[in-house]
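Throughout, read-outs are computed from the coordinates displayed, never taken from laboratory work. This one's a predicted model, so the numbers in the text were calculated from it and none came from an experiment. Reconstructed Cβ throughout: ideal geometry from the backbone, glycine too, with neighbour counts over all protein chains shown.
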Amino acid sequence: MLSYRHGYHAGNAADVLKHFILTYVLDYIKKKDKSFIFIDSHAGAGKYLISDPYMQKNKEYLQGIKKILQLKNDNIFLKKYLDLIKSINFNSDLKIYPGSCYLAARSLRPNDNLHFFELHPTEFLNLKKNFKNDSRIIIENEDSYQKLSKLLPPKEKRAVILIDPSYELKDEYDQVFKMLSDCYKKFPLGVYIIWYPILKSKKAVSFALNILKRNYKNLSHIEMITDNLNSGMQGSGLFILNCPWSIEKDIKNSLEIIFDCLKKNNNVSKFTFTSNIN
Ligand SMILES: C[S@@+](CC[C@H](N)C(=O)[O-])C[C@H]1O[C@@H](n2cnc3c(N)ncnc32)[C@H](O)[C@@H]1O
């Protein structure tokens, strides 16, 4: 039985990092006119009202997106992400925090497609409600570990695939590792973004090491280490496989600004950004 609800955490430091990278990658892919598909393996509800009781429980967004929105900075990549959030909020106070699906739906063009998997029955209904009039989107109440690789290779021949589980189940690291391997085998050209929490557990530590050991080409790896998030996480990490070749030049500076801004309230002690782009 799934109990995780993303509303408890939406807009926190880990979300900011993940969603900033996602909007950067989607913008990059849109440089070519040719349509593509965005696939979200673990969709969540799509968007989160700040007034929602889940959001108000720990108010994690206060130490994440709220801080970043106060930045006075003209870094173009960061500005694009923040402008998107501001436009979703009608350039007024933050009332809605957009999750990955909502950011993608707002970023993609009329000829692009989106496919979301969400297994939790209530979150699935929320997701359906949030996207009911968008004919570009297919939403499935299915287990993405069983179904996602069946979509590949996609008819568009171009795809951004976000793998963003809650890692609630004991064997979930292994499942993610297998799903990535299966998907990559079927569609080595896809752009894959994989999020993971940094925890003390052996499984969590070996997950990142095992991905690095695969020696994937064109892999970027970002980790933000924090000392005391409410959730007990010690930070979060992202892999971007087949990332844009200019990623480091483009966003290293943006990430430094993000880390610097989040540092104080989240006790960010360290961040690393490495890539091997051929
Ligand atoms: C971390 S949240 C997703 C957050 C979202 N991607 C975002 O960035 O806004 C993970 C979601 O995956 C759902 N989930 C868990 N296991 C799943 C599975 N096997 N297939 C599809 N969805 C699953 C959970 O119900 C939860 O809503």
Looking only at aspartates and glutamates whose Cα falls under 20 Å of residue 150's and that sit 8 or more positions away or on another chain, we get 40, 112, 118, 140, 142, 164, 172, 174, 182
Most fluctuating of 250, 93, 52 in the GNM of the chain (C-alpha, under 10 Å) is 93
Report the longest stretch of the chain that contains none of the GluC sites (Glu not before Pro) sitting in a DSSP loop with at most 16 other Cβ atoms within 10 Å. 1-141
Of 202/249; 66/132; 30/217; 86/157, those spanning more than 26 Å from alpha-carbon to alpha-carbon: 202/249; 66/132; 86/157
Taking the C-alpha atoms of the stretch 159-278, convex hull volume expressed per residue in Å³: 103
Any idea what Rg and Dmax come out to for the chain if you just take the C-alpha atoms, in Å? 17.3, 46
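Only Cα pairs under 8 Å and at least 6 apart count here; give the relative contact order of the chain as a rounded whole percent.
Details: 460 pairs, mean separation 58.5, N = 278.
In percent, rounded to a whole number, it is 21.
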